[in-house]
Every structure is written in structure tokens, then in C-alpha cells.
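Asker: Mind having a look at this structure? Questions to follow.
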Amino acid sequence: MMLKRKPYAMCALTLWAVSSGVTHARDASLSVKVDAIDDRGRFADSAVFCPPSSSNAKDVSPGVAWSKGPPKTRSYALLMMDPDVPADLGLINKPGTIIARNAPRMRVFHWVLADIPPAITAIPAGVESPGLVPGGKPIGTTPYGLRGTNVFTSFLADVKGMAGTYGGYDGPCPPANDVRPHRYIVRVMALDIATLGLSGSFTGADLERASDGHVLAEGRAVGTYSLKPGAVK
């Protein structure tokens with residue numbers, strides 16, 4: 001926002017059963033691997049929307065793989081969320097301003113994918129974004145699921161040459177003046193329904209609401225990224 005490769009590194013998994021009104025599988029966790037997160041837990045520059053000036057490649061969607069869901073799984077859903085965006089957007093990259101580690105934060109979504117067919121347990125790198133596309137990539141149905149909109153749809157709405165509907169994946173872009181490294185949480189859910197009934201420019205929050213009560217199992221992988229030298233976890 002500025003929101004401002006080592007082979008499949010397994011990253012800081014947080015796995016749990018989600019309480020809801022449905023009957024859950026005994027094994028209610030998924031393992032999730034993201035190939036753009038290295039063994040230090042850092043996102044590769046190639047996968048970010050705003051890489052350092054020294055890097056040319058950017059915004060290539062990472063490969064994501066997960067373990068098979070419980071027997072009653074009828075679809076999967078995927079979200080990538082940054083919970084560390086400054087709540088005061090006016091501070092982002094403001095000259096002479098440093099965003100404190102304890103500054104109020106809000107969450108935004110960088111990747112929103114619903115109705116992933118149950119036979120799919122991996123999305124190859126580059127499929128959801130081969131690179132940065134000014135104005136955004138299309139929303140709607142793809143071979144890997146139903147794309148919603150990500151945060152850049154709203155954040156870049158008034159930026160000439162960049163405004164548009166951003167579907168699929170668009171990667172990290174933390175403020176260069178933020179001392180807190182941003183976390184990027186890739187969450188995969190196994191669902192007991194084939195479709196969440198979403199359409200149009202639905203958001204990550206819309207997907208969360210639609211999936212409530214339908215999650216059989218889920219897992220997460222977490223990577224971090226910062227553009228500020230010396231930022232610490």
C-alpha cells in the first residue's frame with residue numbers, strides 16, 4: 001500500500017479445527033506449503049507487488065500445495081491476508097514519518113479464491129499471477145476456482161494507469177516506513193459444499209462469511225516481508 005525458493009518450505013503452520021454447526025472430520029487440519037516462502041519465513045522478492053528497486057521480477061503468484069481434506073470435502077477455498085496494514089493509511093510512505101511497531105493495524109486480502117474443485121490440492125506458481133498487470137487481472141471462474149477481488153481494487157482506485165478490478169493474486173507491498181515486518185497468512189479451507197454461491201466482485205470478507213459453518217478442516221502458512229532495513233519481528 002504500498003500496502004501499504006528454496007523448494008516448498010513448510011512455514012509456521014497454525015492448524016486447528018474450526019467450530020461450526022457441521023460435523024467435523026476427526027483429523028481437522030491441513031498442511032499448507034508455499035514455495036515463495038524461504039526457510040527463514042520470508043517471501044521471495046519475485047512474489048511481491050512492490051519489490052526492492054534492486055529486483056526486476058515481481059508479483060508472480062507462489063505455488064501453494066496442501067494435504068487432502070476429509071472424505072466429505074466438496075471444495076476448497078484459499079485466502080491470503082495481511083493483518084499488519086496501518087489503520088491510518090495517511091501514514092503510509094509519508095515523508096519524515098516512521099510507522100511505529102505498536103501503531104493500530106487492520107487486515108486486508110491479497111488473494112481470494114473460492115470454489116476450488118476437490119480434486120485440486122496444488123496451485124502452480126504463476127497461475128494466479130504471471131506478473132504485475134496494471135488495472136488488475138480478471139475476476140471470475142478459472143480452472144483453479146472462482147476469483148474474487150483483492151485489496152488493490154480499492155487501494156489503487158484513484159491512481160491513474162493502475163485503477164481497475166484486481167482479481168487473482170497480487171503480492172506483498174508493505175510501507176517502506178513501517179518498522180513492523182508484515183505477515184502474509186495463506187489460509188486453505190476444506191469445505192462441505194461445492195460452491196459458496198459467490199459472484200461478481202466478492203471480497204475476502206465475503207468469502208469468510210459464506211464459508212462460516214462449512215469448514216471441515218483448514219491450515220495456514222505464514223511468511224513475512226518488509227521494505228524497511230532493520231525491521232524486526
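The values are calculated or read from the model by the stated rules, or taken from the named source; none is laboratory data. Here the structure is a predicted model, which means the values were calculated and not measured. Virtual Cβ from ideal backbone geometry, glycine too; neighbours counted across all protein chains shown.
Asker: So, of the residues in the stretch 78-130 that are part of a loop (DSSP other than H, G, I, E, B) and touching a Gly at 6+ places or on another chain (Cβ under 6 Å), which turns out to be farthest from V32 (Cα to Cα)? If you could, list the steps in order and put the result at the bottom.
Answerer: Filtering the stretch 78-130 for residues part of a loop (DSSP other than H, G, I, E, B) gives 87-88, 92-98, 100-104, 117-121, 124-130.
From the residues that got through so far, the ones that are touching a Gly at 6+ places or on another chain (Cβ under 6 Å) too are 124-125, 128-129.
Numbers: P124: 13, A125: 14, E128: 17, S129: 19 Å.
Only one residue tops the list, namely S129.
Asker: For the stretch 131-158, which residues satisfy the criterion of being closer than 19 Å to M81 by Cα, of a type outside the set (A, V, I, L, M, F, W, C), touching a Leu at 6+ places or on another chain (Cβ under 9 Å) and assigned to a strand (DSSP E or B)?
Answerer: G145, R147
Asker: Say whether the condition of being modelled with pLDDT of 95 or more, touching a Phe, Trp or Tyr at 6+ places or on another chain (Cβ under 6 Å), of a type outside the set (S, T, N, Q) and not in a strand (DSSP E or B) is met by at least one residue in the stretch 207-230.
Answerer: Looking for residues that are modelled with pLDDT of 95 or more, touching a Phe, Trp or Tyr at 6+ places or on another chain (Cβ under 6 Å), of a type outside the set (S, T, N, Q) and not in a strand (DSSP E or B), one finds none in the stretch 207-230, hence no.
Asker: Looking at A119, A87, A103 in this structure, which one is exposed (fewer than 13 other Cβ atoms within 10 Å of the Cβ), in contact with a strand residue (DSSP E or B) (Cβ under 7 Å, 6 or more places away or on another chain) and not acidic (D, E)?
Answerer: Working: A119 fails: in contact with a strand residue (DSSP E or B) (Cβ under 7 Å, 6 or more places away or on another chain); A103 fails: exposed (fewer than 13 other Cβ atoms within 10 Å of the Cβ).
Selected residue: A87, the only one of A119, A87, A103 that is exposed (fewer than 13 other Cβ atoms within 10 Å of the Cβ), in contact with a strand residue (DSSP E or B) (Cβ under 7 Å, 6 or more places away or on another chain) and not acidic (D, E).
Asker: Output the residue which, of all residues in the stretch 134-160 that are out of contact with any strand residue (DSSP E or B) (no Cβ under 7 Å at 6 or more places or on another chain) and of a type in the set (F, W, Y), is nearest to W111 (Cα to Cα).
Answerer: Our first condition is that a residue be out of contact with any strand residue (DSSP E or B) (no Cβ under 7 Å at 6 or more places or on another chain); within the stretch 134-160, this holds for 134-135, 141-143, 152-160.
Among the residues that remain, those that are also of a type in the set (F, W, Y) are: 152, 155.
Working: F152: 10, F155: 14 Å.
So the residue we want is F152.
Asker: Does K68 satisfy the condition of being of a type in the set (K, R), in a loop (DSSP other than H, G, I, E, B) and farther than 23 Å from G197 by Cβ? Before you say what the answer is, go through the steps one by one.
Answerer: On the way: of a type in the set (K, R): yes; in a loop (DSSP other than H, G, I, E, B): yes; farther than 23 Å from G197 by Cβ: yes.
In short, yes.
Asker: Name the residue that is surrounded by the most Cβ atoms within 10 Å (Cβ to Cβ), counting only residues in the stretch 177-206 that are aliphatic (A, V, I, L, M) and in a loop (DSSP other than H, G, I, E, B). Walk me through it before giving the result.
Answerer: First, the residues of the stretch 177-206 that are aliphatic (A, V, I, L, M): 179, 185-186, 188-191, 193-194, 196, 198, 205.
Applying the additional criterion that residues be in a loop (DSSP other than H, G, I, E, B) yields 179, 193-194, 196, 198.
Numbers: V179: 16, I193: 16, A194: 12, L196: 21, L198: 19.
Filtering first and then ranking leaves L196.
Asker: Moving to a separate point now. When you scan the stretch 143-190, how many residues do you find that are of a type in the set (S, T, N, Q), closer than 30 Å to S67 by Cα and either in contact with a His (Cβ under 9 Å, 6 or more places away or on another chain) or at pLDDT below 95 (or both)?
Answerer: Total meeting the criteria: 1.
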